[in-house]
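Read the structure below first, then the notes.
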Amino acid sequence: MLSADKENDPDLLAMLGASCALELSHIPFLGPIAGVRVGFVDGGYVLNPTPDQMQNSSLDLIVAGSRKAVVMVEGGADSLSEELVLDGIFFGHQALQPLLDLQEELRAAAGKPKMPVAPKPVNESLGKRVEQLAFGLMCRAISTADKSERQTLVQNLEPMVIEALAAESPEWPQAEIKTALKELKKRMMRDRIVKETARIDGRRMDEIRPIESEVAVLPRVHGSALFTRGETQVIVTATLGSGEDEQRVESLDGMAFNPFMLHYNFPPYCVGEVRFLRGPSRRDIGHGALAARAIRAVLPDRETFPYTLRIVSEVTESNGSSSMATVCGASMALMDAGVPIKKPVAGVAMGLIKDKDTVIVLSDILGDEDHLGDMDFKVCGTDEGVTALQMDIKIEGVSREIMGSALEQAKAGRLHILGKMREAIAAPRAELPAHAPKLFFLQINPDKIRDLIGPGGKMIKGLSAEFGVKIDVEDSGKVSVFAPDGSTGAAVTERIRAVTEEAEIGRVYTGTVQKIVDFGAFVEILPGTDGLVHISELANQRVEQVTDILHEGETVTVKVLDIDPRGKIRLSMKAVSIEEEGA
C-alpha cells in the first residue's frame with residue numbers, strides 16, 4: 001500500500017493490480033480477473049459504495065470474476081434472502097466486465113508473449129499398474145467414514161504399492177508413484193459421488209452430519225457452548241466486558257474501537273498433528289473474520305446492550321468446516337451469556353463435484369470432500385436470511401444456476417442445524433449469569449461532574465478502589481459503572497448519587513449545621529450543597545437567638561422551600577415540625 005485516499009478500498013485495487021501484472025508478464029494465466037464491492041442501499045444495488053453509503057448498506061459483498069464466471073465471493077449481509085444475495089453477486093459480475101476489457105487492451109499494448117507450457121507427460125502404464133495394485137484397498141479407504149481409519153488405510157497403502165512396484169521395475173520414481181496414488185484417490189472418490197451418488201461417509205448429497213450441542217458447559221465463564229457435528233467439534237466461550245475492554249484498532253481509515261471480537265484457534269492436536277503453537281495463521285484470522293461477520297449482523301446495538309463482547313472458539317477436533325461450527329457455537333454461547341441477539345445464526349459448508357455436464361452440490365462437506373472437490377462455499381445466516389458467505393473454487397468459475405442451487409441447498413441445511421441448536425438453547429437467557437459483571441447507568445447534572453471526579457481525581461479513584469469497579473463519565477453527565485456483581489454496583493451507584501445529587505424543592509433532608517449567623521443557620525443537606533434556615537423558619541414559635549435552638553455540628557431535619565435562579569436554597573425546620581404535628 002503506497003497511497004490511500006480513504007474513499008476507495010485498496011483491497012480491490014490489489015486484486016486488479018495482481019491480475020494486470022500477470023496479464024503483462026510472460027507467465028501463463030487463465031485471467032484476466034477483477035473484483036468489485038457491492039452494497040445494497042434503499043432497495044437497490046450500489047457498485048463500489050463509498051464509506052458513507054456503506055453506513056446504510058445491508059450488504060457488503062466482494063465479487064471476483066473472469067469473463068465467463070464468478071471465481072470468488074466474500075461478504076456479509078443483514079439477513080438478506082438468498083435471491084437478493086444471488087442477484088447481488090451477478091450484479092457485481094456484470095459490473096466488473098469493463099475492468100476485464102481494460103486489462104485486455106493493456107495486454108495488447110504492452111504485454112509480453114506468454115511462455116509455452118507443455119503438459120507434463122502422464123505415465124499411463126504406471127497409472128494403470130498403480131490402480132491394479134491399489135484399487136481394492138482404495139475402495140475400502142474412500143468408503144470408510146472414520147477419518148483416522150481412512151487416513152491409516154491410505155498411509156498403509158503407499159509403502160505396499162511402492163514395494164510391489166520396486167520389485168517389478170526399480171526405475172519407477174517413488175515421487176511419481178505417490179502422485180499416481182493421489183490421483184487415483186481423487187478420481188475414485190469423485191467417480192463414486194458422480195456415478196454411484198455415494199459419499200465417503202455414506203450420506204445423501206444434502207444430508208447434514210449428526211449434531212450434538214449443549215450450553216453452560218463451563219461453570220465460571222459468562223457463556224459457553226460445545227458444538228459437535230460429525231467429527232468436527234468446537235468449544236466456544238463468550239465473555240462480557242466494559243467499554244475499557246474495547247479493542248483499539250489503527251487502520252488506514254484512522255483510529256477505531258471494536259466492541260466485538262471473535263478469535264478462532266485451530267491447535268495442531270485437533271487434526272492429529274504435533275507442531276509449535278505460535279501466533280494465529282492467515283487461515284485462523286480468515287476463519288475468525290468470517291465467523292465474526294456472520295455473528296455481527298445479529299448483535300444488539302450499543303444503546304441496548306453496552307457491553308464489550310469477546311468470543312473465543314477452540315477447535316478440539318476438525319474434519320470439515322470448523323469455521324461454520326464456530327458460528328453455531330458462538331451463537332449459542334452468546335445466548336447462554338444472556339446477550340439479546342436478534343436471531344440465532346448457523347453456518348454450513350457446501351461443496352461441488354463437476355464432471356463434464358454433471359454437477360453435484362454437497363452439503364456439510366468433509367475435509368477430503370473439500371480437498372478433492374471443486375468448491376468450498378460457506379454460507380451463514382438466520383432463519384430469515386444470509387448474514388455471511390465465502391466461496392473459493394478450484395475450477396474456472398461457477399454459473400448462476402450452480403450458485404443458486406448451492407444457496408438453496410445451504411438454506412435447507414442451515415434451517416436443519418438451527419433446529420438442532422434450538423434443542424440446546426432456543427433464545428437468549430432472560431438474565432445475565434451470576435458470574436457476569438453488571439453495568440449500571442445514571443444521569444447526573446454535567447455541573448456535578450467535577451464533584452464526582454474530585455480534586456485530582458481523588459473522589460472517582462477512591463470509589464473505584466473501594467468497590468473494585470470501573471467508572472466512566474461522559475461530558476453529557478452520563479455515568480456508567482461496571483461492577484463485578486449487582487450488589488456492589490447498587491452500592492457504588494448510591495454513593496455516586498449522594499455525591500452528585502441536587503436539592504429538590506419540597507423534599508426533606510437530614511443535614512448538618514455548618515455555620516450560625518445572626519439571621520439563621522447554614523445547613524449542609526448534600527455533600528458540597530448547603531442552604532439557609534432563616535431564624536423565622538427555625539421553629540413554630542418566635543425565636544430570639546439562633547443559638548437558643550441550634551449549635552454548629554448538630555444534625556437537623558429540614559425541608560427545601562425554594563431554590564432561586566442563582567442556586568441559593570431556602571430551608572425550613574418549622575415546615576417539618578408542622579407536617580409532623582399534622583400527621
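The values are calculated or read from the model by the stated rules, or taken from the named source; none is laboratory data. Computed from a predicted model, the values in this text were never measured in an experiment. Here the Cβ is made from the backbone with ideal geometry for all residues, glycine too, and neighbour counts use every protein chain on show.
Restricting the search to region 1-40, which residues are of a type in the set (Asp, Glu) and not in a helix (DSSP H, G or I)?
5, 7, 9, listed by residue number.
Taking into account only those residues within region 535-549 that are assigned to a helix (DSSP H, G or I) and touching a Leu at 6+ places or on another chain (Cβ under 8 Å), which is nearest to residue 571 (Cα to Cα)?
Per the criteria, the residue is 537.
Of these, 177, 200, which one is of a type in the set (Val, Ile, Thr), assigned to a helix (DSSP H, G or I) and surrounded by 17 or more Cβ atoms within 10 Å (Cβ to Cβ)?
After applying the criteria, what remains is 177.
Could you tell me which numbered condition residue 315 fails, if it satisfies all but one of (1) more than 15 Å from the chain's Cα centre (by Cα); (2) in a loop (DSSP other than H, G, I, E, B); (3) buried (at least 23 other Cβ atoms within 10 Å of the Cβ)?
Failed condition: (2).
Under 6 Å between Cβ atoms, at least 6 apart or on separate chains: pull out the pairs that start in region 398-424 with a residue that is closer than 23 Å to residue 63 by Cβ and end on any residue that is part of a helix (DSSP H, G or I) and of a type in the set (D, E, K, R).
407/82; 411/82
I'd like to check something: does region 86-93 contain any residue that is of a type in the set (Asp, Glu), at pLDDT 90 or above and under 44 Å from the mean Cα position of the chain (by Cα)?
The answer is yes, given that some residue of region 86-93 is of a type in the set (Asp, Glu), at pLDDT 90 or above and under 44 Å from the mean Cα position of the chain (by Cα).
Pull out all pairs, ordered by first then second residue, where Cβ-Cβ is under 7 Å, the residues are six or more apart or on different chains, the first lies in region 344-361 and is closer than 20 Å to residue 390 by Cβ, and the second is of a type in the set (Gly, Ala, Ser) and assigned to a strand (DSSP E or B).
Listed by first residue and then by second, the contacts come to 345/381; 348/363; 350/363.
Name the one entry in 60, 101 that is outside any helix (DSSP H, G or I) and of a type in the set (Asp, Glu).
Selected residue: 60, the only one of 60, 101 that is outside any helix (DSSP H, G or I) and of a type in the set (Asp, Glu).
Within region 450-486, which residues are among the aromatic types (Phe, Trp, Tyr) and without any contact (Cβ under 8 Å) to a residue 60 or more places away in the chain?
Of all residues in region 450-486, those among the aromatic types (Phe, Trp, Tyr) come to 467, 482.
If the condition is that a residue be among the aromatic types (Phe, Trp, Tyr) and without any contact (Cβ under 8 Å) to a residue 60 or more places away in the chain, then 467 is the only one that fits.
Looking at the structure I just gave you, is residue 327 closer than 30 Å to residue 439 by Cβ, at pLDDT 95 or above and in contact with a Pro (Cβ under 7 Å, 6 or more places away or on another chain)?
No; evaluated as a whole, the condition is false for this residue.
Residue under question is residue 118, and the condition is that it be more than 41 Å from the chain's Cα centre (by Cα), in a loop (DSSP other than H, G, I, E, B) and not assigned by TED's automatic domain parsing to the domain that holds residue 373; does it hold? Quick ask: steps written out before the conclusion?
Details: more than 41 Å from the chain's Cα centre (by Cα): yes; in a loop (DSSP other than H, G, I, E, B): yes; not assigned by TED's automatic domain parsing to the domain that holds residue 373: yes.
So residue 118 passes the test.
Going by what's in this entry, would residue 507 be described as touching a residue at least 24 places away in the same chain (Cβ under 8 Å), surrounded by fewer than 15 Cβ atoms within 10 Å (Cβ to Cβ) and closer than 24 Å to residue 578 by Cβ?
Yes.
Suppose we keep only residues that are touching a strand residue (DSSP E or B) at 6+ places or on another chain (Cβ under 8 Å) and closer than 15 Å to residue 522 by Cβ within region 565-583. Which one would you say is surrounded by the most Cβ atoms within 10 Å (Cβ to Cβ)?
Ranking the qualifying residues of region 565-583, first place goes to 571.
Take region 530-564 and flag every residue that is among the polar types (S, T, N, Q) and under 60 Å from the mean Cα position of the chain (by Cα).
Restricting attention to region 530-564, the residues satisfying the condition of being among the polar types (S, T, N, Q) are 536, 540-541, 545, 547, 555, 557.
Within region 530-564, 555, 557 qualify.
Suppose we filter 110, 134, 145, 77 for residues that are touching a Ser or Thr at 6+ places or on another chain (Cβ under 9 Å) and either surrounded by 16 or more Cβ atoms within 10 Å (Cβ to Cβ) or in contact (Cβ under 8 Å) with a residue 24 or more places away in the chain (or both); which single one remains?
77
From the set of residues in region 367-393 that are farther than 26 Å from residue 191 by Cα and not in a strand (DSSP E or B), which is nearest to the chain's Cα centre (by Cα)?
The selected residue is 382.
Restricted to region 36-57, and to residues that are more than 20 Å from residue 403 (Cβ to Cβ) and among the hydroxyl-bearing types (Ser, Thr, Tyr), which residue is farthest from the chain's Cα centre (by Cα)?
50
Give the number of residues within region 473-491 that are among the hydroxyl-bearing types (Ser, Thr, Tyr) and under 28 Å from the mean Cα position of the chain (by Cα).
Quick first cut of region 473-491, residues among the hydroxyl-bearing types (Ser, Thr, Tyr) only: 476, 480, 487-488.
Now drop any that are not under 28 Å from the mean Cα position of the chain (by Cα), which leaves 480.
Total meeting the criteria: 1.
Select, from 531, 489, the only residue that is outside any loop (DSSP other than H, G, I, E, B), in the same structural domain as residue 570 (by TED's automatic domain parsing) and in contact (Cβ under 8 Å) with a residue 24 or more places away in the chain.
531
Quick one: in region 227-246, which of the residues that are part of a loop (DSSP other than H, G, I, E, B) and in contact with a Pro (Cβ under 8 Å, 6 or more places away or on another chain) is modelled with the lowest pLDDT?
In this case the residue turns out to be 242.
Looking at residue 249, is it at pLDDT below 95, surrounded by fewer than 17 Cβ atoms within 10 Å (Cβ to Cβ) and within 21 Å of residue 230 (Cβ to Cβ)?
So residue 249 does not fit the description; no.
Here's the yes/no breakdown for (1) closer than 23 Å to residue 335 by Cα; (2) exposed (fewer than 13 other Cβ atoms within 10 Å of the Cβ):
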position: 405; (1), (2): no, no
position: 424; (1), (2): yes, no
position: 437; (1), (2): yes, no
position: 456; (1), (2): no, yes
position: 464; (1), (2): no, no
position: 473; (1), (2): no, no
position: 479; (1), (2): no, no
position: 497; (1), (2): no, no
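Going through 472, 451, 447, 392 one at a time, which residue ends up being acidic (Asp, Glu), at pLDDT below 90, touching a strand residue (DSSP E or B) at 6+ places or on another chain (Cβ under 7 Å) and more than 30 Å from residue 35 (Cα to Cα)?
Exactly one of 472, 451, 447, 392 is acidic (Asp, Glu), at pLDDT below 90, touching a strand residue (DSSP E or B) at 6+ places or on another chain (Cβ under 7 Å) and more than 30 Å from residue 35 (Cα to Cα), namely 472.
Examine region 219-231 for a residue that is basic (Lys, Arg) and within 24 Å of residue 408 (Cα to Cα), and state whether such a residue exists.
First, the residues of region 219-231 that are basic (Lys, Arg): 220, 229.
When the remaining residues are screened for being within 24 Å of residue 408 (Cα to Cα), the result is 229.
Yes, region 219-231 has at least one match.
Please verify whether residue 68 is more than 23 Å from the chain's Cα centre (by Cα), surrounded by fewer than 16 Cβ atoms within 10 Å (Cβ to Cβ) and closer than 30 Å to residue 189 by Cβ, treating the condition exactly as stated.
Judged against the criteria, residue 68 is a match.
Rundown of residues vs (1) in a loop (DSSP other than H, G, I, E, B); (2) more than 30 Å from residue 330 (Cα to Cα); (3) not assigned by TED's automatic domain parsing to the domain that holds residue 320, yes/no style:
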{"site": "181", "(1), (2), (3)": "no, yes, yes"}
{"site": "184", "(1), (2), (3)": "no, yes, yes"}
{"site": "187", "(1), (2), (3)": "no, yes, yes"}
{"site": "192", "(1), (2), (3)": "no, yes, yes"}
{"site": "204", "(1), (2), (3)": "yes, no, yes"}
{"site": "220", "(1), (2), (3)": "yes, no, no"}
{"site": "225", "(1), (2), (3)": "no, no, no"}
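Among (1) within 30 Å of residue 108 (Cα to Cα); (2) in contact with a strand residue (DSSP E or B) (Cβ under 7 Å, 6 or more places away or on another chain), there is one condition residue 40 misses while meeting the rest; what is its number?
Going through the list (1) within 30 Å of residue 108 (Cα to Cα); (2) in contact with a strand residue (DSSP E or B) (Cβ under 7 Å, 6 or more places away or on another chain), residue 40 breaks only (1).
Among 197, 239, which is the only one that is of a type in the set (Val, Ile, Thr) and at positive phi?
None of the others qualify; the one that does is 197.
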